[in-house]
């Protein structure tokens, strides 16, 4: 079951300023922008900007992985000792879960 890096989320305090920086200063092509979520065309892995929150302060990042079968991945990795603070759920039309990496950082997984 291959695991792929599908996105990186950068949490930002000012969406307009962050979009302008990545688009205008770094020349990344903008896929779309909205007040809470924006994406850039960066090949197979998406760079997404998300408004910061208490849980995800400005400047922090989150890695997002994709798997073919999230339920099977969750079962296999849970049995291997990987901690999932949030079980798989349906959101935005896809199955999503979160796991903790070796340093306690959240990693999103979609399937």
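Can you check how the C-alpha radius of gyration of the range 67-111 compares to 2.2 N^0.38 Å, as a plain ratio? Kindly include the intermediate steps, with their values, before the conclusion.
Numbers: Rg = 9.9 Å, N = 45, 2.2 N^0.38 = 9.3 Å.
Expressed relative to 2.2 N^0.38 Å, the Cα Rg reads 1.06.
Using label points projected 7 Å from each Cα along Cα→Cβ, tell me how many nm separate residue 4 and residue 75, to one decimal.
2.3
Round to a whole angstrom and tell me the spacing of the C-alpha centers of the range 41-88 and the range 9-30.
Here the answer is 21 Å between Cα centres.
What is the angle, in °, between the Cα long axis of helix 70-79 and the longest principal axis of the Cα atoms in the chain? Nearest 10 is fine, range 0 to 90.
60
Quote the Stokes-Einstein diffusion coefficient, in whole µm² s⁻¹, for the range 7-57, based on the Kirkwood radius over alpha carbon pairs, a temperature of 4 °C and a viscosity of 1.567 mPa s. Write out the running numbers ahead of the final one.
Working: Rh = 10.8 Å.
Here the translational diffusion coefficient equals 120 µm²/s.
Among (i) 14, 43, 31, 12, 1; (ii) 12, 33, 18, 12, 10, 9, 5, 1; (iii) 13, 32, 15, 10, 9, 8, 7, 4, 1, find the value of P(r) over Cα pairs in 10 Å bins from 0, in percent that was calculated from the structure presented, and write down its label.
Matching entry in (i) 14, 43, 31, 12, 1; (ii) 12, 33, 18, 12, 10, 9, 5, 1; (iii) 13, 32, 15, 10, 9, 8, 7, 4, 1: (i).
Suppose a student asked you for the relative contact order of the chain, using Cα pairs under 8 Å spaced at least 6 residues apart; what percent would you report?
Across the chain, relative contact order equals 27 percent.
Throughout, read-outs are computed from the coordinates displayed, never taken from laboratory work. Small disclaimer: the values here were computed from a predicted structure and weren't measured. Neighbour counts run over all protein chains shown; Cβ positions are idealised from the backbone, glycine included.
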